[in-house]
Amino acid sequence: MKSLLVFTIALLGSVSQAAIYDYSPDSRLYMGGGFNPYKPTSGYLNCVEFDAQVSPDNDNNPNATYSSSVDIKQIKSRTDFYSFLNFSTSVSGSYSFMGGSASYSLLDERAFHSDSLTFMVLFKNDYGRFVLKNPRLKSEYKNLEQTKLVKTCGTEIVTEMRKGVMAYALFTIKNVNQSQRREIEAKLSASAGGSFWSASMDMNYKSVLRTALQASDISVSVRALGGTGIVDLNQIIGGSNDEQINLDKIPTILSQYVEKFRVSNAVPTQYTTTDIQAFRSDVSITTATFDQLTIGELFSTYEDFSSIIGRLQKILYGSDSTAYDLTPQVRMDLEDKLLEYSNYRRKIKSAALLCLTEGEICEVPPMLWPQVQWPRPRPNLRACVDMRDQAAAMGLLPQELYRMAEKRNLVPLIAEDGMSIEGWTSCEDFIDQVH
């Protein structure tokens, strides 16, 4: 580690590191560009020139792959999710809190709720660091007045980046009970990562998938980071009214998708900045250290609260209200939780705005997380369709048999091992059993 650090300093001359920012779809960071973390929605000019862009991790061979990895992992929190992907909660958070509109919703609304379980299959290629050699201010900025220099070029300059590509499938299992949770978590804990998708990983994945499909309703989001940015890959894995998505094949498809990428269509996954003072020794303007950890925690908490608030509003007053039989007491409890979380969310935003005001105290306010007892939806005919779809996704229900079951309104009963259909029942009887 020490030798790499010395090499980087030698390339940059007298330039000193200011901060490291992971990828964010909302980021205005770019190689050679200016940045001010306290003003994330502001754009700054490219005020530096340089001799070349070098790749020290790959012996200056920009087409080499520094490392590859694949993982199957349970994601227990929003913070875990962003950390696993190396997404910056501080950059996304500061942009969002300052009035920016988020570019993407990366998670199912019910991810990380007490009655759901989320896991991910992630493929990554890392192409290492790309560093500006001998960066320096362009001539027109060398004598610019200090305040104008900072307004034009920012307080920091991007002088290094990492490049890579990734593709992932995010599974959120809904309405899961504690017994189902323990079984799925045990199988996920036995799964191991590696540098490529192996036969043993495929077997573990299919075992987890079968258990998940038997447990409850499941949503899948498939995305890639590379080329033009975040790409929704749900279309490439198939799926329509006439064709069931083959969940078994998702990892293989993602592996093949990532293999097509080269450094030419990789994207920045991390940026390193340098203080503006490193380029102009006479600049005396100082800025307070930007608290990335606290901003990131505030953003993750704000998103968690927003997710809970959104779901409560749908159950009580929105599109999901007709799917529940709520007693007066349950409704009152849910309304109380909605009010509590709404108040807490306002406190989080106020704390974040203080963090983004230079010189103010930056901290997460103390608060409790009220426990929500999520009601189970009233079973309906959709449950029969979902069970047929699950059997088809597991490869147990050929298309011809699926159509027959659909016409006769029958529901397959999947064996406990998930390997076969052990019987059939009418949709009416199935709904009575579930209810």
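One table, with the values for the structure above:
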read-out	value
Amide H contacts under 5 Å for Thr425, placed H, 5+ residues apart	Val411, Leu413
Built amide H within the under 5 Å cut-off of Cys47, gap 5+	Gly34
For segment 246-251, Karplus couplings with θ = phi - 60° (6.51, -1.76, 1.60), whole Hz, Gly/Pro x	8, 5, 4, 8, 4, x
Cross-link partners of Lys39 among lysines (Cα-Cα below 24 Å; sequence separation of 8 or more within a chain)	Lys138, Lys142, Lys148, Lys151, Lys347, Lys349
Cut-off under 5 Å, modelled amide H: who pairs with Ser420 long-range	Ala415
Kirkwood hydrodynamic radius (C-alpha pairs) into Stokes-Einstein, segment 381-434, 20 °C and 1.002 mPa s, D in µm²/s	196
Environment charge at Gly99 (Cβ cut-off 12 Å; Lys +1, Arg +1, Asp -1, Glu -1)	+1
Note, ³J(HN,Hα) from phi for segment 387-397, Karplus 6.51, -1.76, 1.60, rounded to Hz, x at Gly and Pro	5, 5, 5, 4, 4, 5, 5, 7, x, 9, 10
Protection proxy ranking of 265-276, 362-373 - average other beta-carbon atoms within 10 Å, highest first	265-276, 362-373
Student exercise, the chain dipole from Lys, Arg, Asp, Glu Cβ charges, in Debye to nearest 20	760
Packing-based order for 195-203, 23-31, 73-81, using average beta carbon neighbours within 10 Å, highest first	23-31, 73-81, 195-203
Choice from Ser189, Ser342, Ser69 with maximal GNM fluctuation in the chain (Cα, 10 Å cutoff)	Ser189
Residues of type lysines that Lys249 reaches as a straight line, Cα spacing below 20 Å, ignoring anything fewer than 8 places off in the same chain	Lys73, Lys124, Lys187, Lys206, Lys260
Whichever lysines have a C-alpha closer than 19 Å to that of Lys314, once near sequence neighbours (fewer than 8 apart) are set aside	Lys174, Lys337
Calculated [θ] (222 nm, deg cm²/dmol) that DSSP helices of n ≥ 4 give over the chain, each run adding -39,500 (n - 2.57)	-11500 deg cm²/dmol
[x] 1.03; [y] 1.09; [z] 0.98, with the label sought being that of the calculated Rg/Rh (Cα atoms, Kirkwood Rh)	[x]
GluC sites (Glu not before Pro) lying in DSSP loop within segment 123-205, provided at most 12 other Cβ fall within 10 Å	Glu145
Hz values of 3J(HN,Hα) by residue in segment 131-144 - Karplus curve (6.51, -1.76, 1.60), Gly and Pro given as x	10, 6, 8, 6, x, 7, 5, 5, 4, 5, 10, 5, 10, 5
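Bear in mind these aren't lab numbers, they're just calculated from the coordinates by the rules spelled out. These numbers were taken from a predicted model, which means no experiment stands behind them. When we count neighbours, we look across all protein chains shown, and the Cβ atoms used for this are built from the backbone with ideal geometry, even at glycine.
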